[in-house]
Amino acid sequence: MSAEAIFSVSGLTKRFGEGEAEVLVLKGIDLSMAAGEMAALLGPSGSGKSTLLTILGTLMRASGGTHDMLGVDLMQASEGQRTKFRSKHLGFVFQFHHLLPDLSALENVMMPAACAAGRETRAMRERATELLDAVGLADRRDYRPSAMSGGQRQRVAVARALINNPVLVLADEPTGNLDRQSADHVMDLIRSINQTMATSFLISTHDEHIAGQCPRRIELLDGRIVRS
Amino acid sequence: MSPYAVKLAIRHLLSHPGQTALLMAGVALGVSVFIFMSALIGGLATLLTLRTVGSIPHIVLEMPDRDPAILSPDGLAQVVLQKDLSRRDQIAIWQPVIPIIEKTPNIIAVSPQIRGSAFVERGQTVAPVGVIGVMPGKLSEIADIDAAMVDGSSNLPADGILIGSRLARDLGLRIGQVVRLSSDRGRARSFRIGGIFTLGIASADRQAVYMNFTTARALFDLPTGISRIEIKVAPATDAADIAERLRRSTGLKATAWTEDNSQLFEGLDAQARTGIIIKAFSLVTIIVGISSAMLLSIVRRQSEIGIMRAMGASKGLVISIFVLEGTLIGLVGAIVGAVIAWLALLPLPPVTEVRSGGLPIDRAQGDFLLAITLTTLAAMLASILPARNAARIDPVEAIGA
Ligand SMILES: Nc1ncnc2c1ncn2[C@@H]1O[C@H](COP(=O)(O)OP(=O)(O)OP(=O)(O)O)[C@@H](O)[C@H]1O
Ligand SMILES: [Mg+2]
């Protein structure tokens, strides 16, 4: 574990179901990431990529092992503490954009910050405008998701993941739903954000072309890390 | 309640105008029913009370009964007072009492009366009547005889009487005819029929005979005393309290109209209870409607809720958004319903002018504010359960990551 690791897990396991139906999906994961790292998470379908990202994102608890991030023992933390931690330090991008249909692009980008603060502030608005600018959608700030293309929506989702200045963004097949050109656009964006803002990214993908754009490559097979 | 929850709730309602309008229309309908029922039940009660108290005295003052009583209950010797039947029930010294009564607050009419039973004879027909001897100018103090006149004039000369239209029809009497009245004191004399009235109260129209105070004294052999003092008060519902006050200040027996009309009050009570049940049902309808609409909406918005939770929204924020949405639907729907009900009831005549066949709806008793308050509370209540369901949504499942 390097000194500047932002998170580290060891012996991490995850089982679903009980008794006969029990399945062990993660079978002892040891992994850590350094600040500013950008890694691709590869593996066949069903190997446990989404499960691992969900646990690292504190959206689900592991069944066993340790999980520390920024000096916090997330295995021991309460649900409320994990929610606060998530909103403060973690960003998410999913395969489907999951933007709120009633909000404009700008309001969607502000959403995670507004949820934490209980209101929308001028500072948030400025930061969200900057981020929309960074993802090349300054002119779409007042559009609703339904009026944008798939690639544009996913770029809004990337901007949204960054609003709280997270140390780590977990992206689960962020380009899985996009054509090659839009996918490249989103990946360029992620790379430049990773370089300028020093935000770490962990990106699951089936696409070698996408993985090739990431300096680090982590491979998962049947619930075990076979290469990191 | 964070401003962000307010914003998201309002935004969602505005983003689905059709669905929002439909829900609010449902609430508005329930509120209109609530207000309509309140106004109808209240109006009915007012009408029945008005009809009842309109022509009757609100308080009757009479001589107290000299009932049998044990005077010394200490055992050895028993001293008792027997019911005194030797003297007539009359208020012998009444003149000093009148100013005392008139000074009592809330009293609007005082009418000292000579009362007695008599028979009207015409040819071979005899009919029992109740004679009311009223002082000059006090004929219409208790029942509005002047307004009820259907024939002749309401003047009461020494030899004139006013009779009810039923009695006139039963005996075939007309204005100007002369009839003979014999009193229960064994005195008799002839009267000319000066006028005929219809009060709309069967017993009065069949049996009441009005005559001059002085003439009645002679007919009933009451040279100085009077039979009773009839009083009207405003509001009529205060009669019992005022009767109690008069009992103490005059020493007379004071009977309020409410004592003789308990059936009316039982009826009004039953009516009010029916109204409450109907109103409760309209509230339950609102609760069920909003609850089910919210539950559906939450199922539909599962992934939205999931993503908000994943991005750091607390359970409290999710709950506030949905409770606010439900409450807003209730509040706006209730106000719209109240305004519609108010406008719909606007052209209706006041209860006092309702003709038979019309519904006596009293807009003033529509309970508009109560309806709005209760509906808003009901809507809030209705959305709490769905909102808690929403807060329990697991982001991982909802997003399907
Ligand atoms: N809630 C659950 N209950 C039971 N089993 C589950 C649950 N979630 C995931 N699994 C199982 O865990 C395994 C890993 O699933 P996961 O979604 O992590 O795979 P993945 O690597 O993301 O696959 P893909 O590339 O298809 O997205 C699968 O076999 C899946 O059936
Ligand atoms: Mg997956």
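The values are calculated or read from the model by the stated rules, or taken from the named source; none is laboratory data. Here the structure is a predicted model, which is why all the values come from computation and not from measurement. Every residue, glycine as well, gets a Cβ built from its backbone with ideal geometry; the counts of neighbours run over all protein chains shown. Ligands, DNA and RNA are stripped out before the accessible areas are found, and what is left, the full protein with its side chains, is counted by its heavy atoms. Shrake-Rupley method; radii C 1.70, N 1.55, O 1.52, S 1.80 Å.
What Rg and what Dmax come out for chain B when only alpha-carbon atoms are used, in angstroms?
33.3, 108
Show the residues, 5+ positions off or on another chain, whose built amide H is closer than 5 Å to the amide H of A:F201.
A:E37, A:M38, A:A39, A:V169
If you put +1 on each Lys and Arg Cβ and -1 on each Asp and Glu Cβ, how big is the dipole of segment B:152-280 around its Cα centre, in Debye rounded to 20? Working shown, then result.
Working: 18 positive and 13 negative charges, 91 e Å.
So the magnitude is around 440 debye.
Where q = 0.11 Å⁻¹, what log10 of I(q)/I(0) comes from the Debye formula for segment A:109-227, counting one point per Cα?
So the normalised log intensities work out to -0.39.
Cα convex hull of chain A: mean projected area in nm², to one decimal? Intermediate values should be presented prior to the final figure.
Numbers: hull surface 50.8 nm².
So the mean shadow area of the Cα hull is 12.7 nm².
Just to be sure I understand the interface: list residues from segment B:356-401 that lose 50 Å² or more of accessible area between the chain on its own and the complete protein assembly, 1.4 Å probe.
B:V396, B:I399, B:A401
Residues with beta-carbon under 13 Å from that of B:V351, excluding B:V351: net charge, scoring Lys, Arg +1 and Asp, Glu -1?
On the way: positive: B:R51, B:R355, B:R363; negative: B:E353, B:D362.
Taking every other residue near B:V351 into account, the sum is +1.
In cubic angstrom, how much convex hull volume per residue do the alpha carbon atoms of segment A:4-45 span? Intermediate values should be presented prior to the final figure.
Details: hull volume 3.5 nm³, N = 42.
In segment A:4-45, the Cα hull volume divided by residue count equals 83 Å³.
Let me know the whole percent of all Cα-Cα pairs from segment A:64-111 that are separated by more than 18 Å.
In whole percent, the long-distance tail amounts to 48.
Using the structure shown, select from A:K14/B:K315; A:K27/B:K315; B:K138/B:K232; B:K103/B:K232; A:K49/A:K84; B:K232/B:K253 the pairs with a Cα to Cα distance greater than 21 angstrom. Mind dumping the intermediate values first?
On the way: A:K14/B:K315 25 Å; A:K27/B:K315 32 Å; B:K138/B:K232 12 Å; B:K103/B:K232 13 Å; A:K49/A:K84 24 Å; B:K232/B:K253 16 Å.
Violating the 21 Å limit, Cα to Cα: A:K14/B:K315; A:K27/B:K315; A:K49/A:K84.
Report, to two decimal places, the Cα Rg of the protein assembly as shown normalised by 2.2 N^0.38 Å (N = number of residues). Walk me through the numbers on the way to the answer.
Working: Rg = 44.1 Å, N = 629, 2.2 N^0.38 = 25.5 Å.
Against the empirical 2.2 N^0.38 Å value, I get 1.73 for the protein assembly as shown.
Calculate, for chain B, the solvent-accessible area per residue in square angstrom, rolling a 1.4 angstrom probe over the heavy atoms of the protein chains. Could you put the intermediate results ahead of the total?
Numbers: 19780 Å² over 401 residues.
On a per-residue basis, chain B sits at 49 Å².
Spelling out what I want: for every residue of segment B:19-30, take phi, set θ = phi - 60°, compute 6.51 cos²θ - 1.76 cosθ + 1.60 (Karplus), and round to whole Hz; glycine and proline get x.
Along segment B:19-30, the couplings run 5, 4, 5, 4, 4, 5, 4, x, 4, 4, 4, x Hz.
Which one, B:L48, B:L40, B:L13, has the greatest fluctuation when you compute a Gaussian network model over chain B with C-alpha springs under 10 angstrom?
B:L13
Can you check what the net charge comes to around B:M37, using other residues whose Cβ is under 10 Å from the Cβ of B:M37 (Lys, Arg +1; Asp, Glu -1)?
Working: positive: B:K279; negative: B:D367.
Overall, the nearby charge balance is 0.
If I compute solvent accessible area with a 1.4 Å probe over the protein chains, what percent of it on chain B is carbon and sulfur? Provide the component values of the computation, followed by the final result.
Values: 11950 of 19780 Å².
Ligands and nucleic acids excluded, carbon and sulfur reach 60 percent.
Over chain B, calculate the relative contact order: mean separation of alpha carbon pairs under 8 Å at least 6 apart, over the residue count, as a percent.
Values: 673 pairs, mean separation 108.5, N = 401.
Computed value for chain B: 27 percent relative contact order.
Please give the charge dipole size of the protein assembly as shown, origin at the Cα centre, charges +1 on K and R Cβ atoms and -1 on D and E Cβ atoms. Round to the nearest 20 debye. If you can, show how the numbers build up before the last one.
On the way: 62 positive and 58 negative charges, 198 e Å.
For the protein assembly as shown, the charge dipole is close to 940 debye.
Got a sec? Which residues of segment A:38-64 lose 10 Å² or more of accessible surface with every protein chain in place, vs. that chain alone, 1.4 Å probe?
So the qualifying set is A:S50, A:T54, A:L59, A:M60.
Note down, for segment B:271-373, the three equivalent ellipsoid semi-axes (square root of 5 times each alpha carbon gyration tensor eigenvalue), biggest first, whole angstrom. Write out the running numbers ahead of the final one.
On the way: eigenvalues 337, 35, 22 Å².
After scaling each eigenvalue by five and taking roots: 41, 13, 11 Å.
Once phi is turned into ³J(HN,Hα) by the Karplus curve 6.51 cos²θ - 1.76 cosθ + 1.60 with θ = phi - 60°, what whole-Hz value does each residue of segment B:386-391 show in order, with x for glycine and proline?
Working through the residues one at a time gives x, 5, 5, 4, 4, 5 Hz.
Below 16 Å, Cα to Cα, which lysines can A:K88 reach? Residues fewer than 8 away in the same chain don't count.
none
Counting only DSSP beta bridges with both residues in the protein assembly as shown, what percent are antiparallel, rounded to the nearest 5?
Working: 61 of 88 bridges.
If we restrict to bridges inside the protein assembly as shown, about 70 percent are antiparallel.
Would you work out the Kirkwood radius for segment B:182-341? I mean one over the mean of 1/r across all pairs of different Cα atoms, in Å. Could you put the intermediate results ahead of the total?
On the way: mean 1/r = 0.0420 Å⁻¹.
Hydrodynamic radius (Kirkwood, Cα pairs) of segment B:182-341 is 23.8 Å.
In Å², rounded to the nearest 100, what is the total accessible surface buried by chains B and A against each other with a 1.4 Å probe? Could the numbers behind the result be given before it?
On the way: alone 20930 and 10730 Å², together 29430 Å².
Buried surface at the B/A interface: approximately 2200 Å².
Quick one: what are the phi-derived ³J(HN,Hα) couplings along segment B:247-261, Karplus 6.51/-1.76/1.60 with θ = phi - 60°, whole Hz, x for glycine and proline?
4, 6, 7, 10, x, 8, 7, 10, 10, 7, 4, 5, 6, 8, 10
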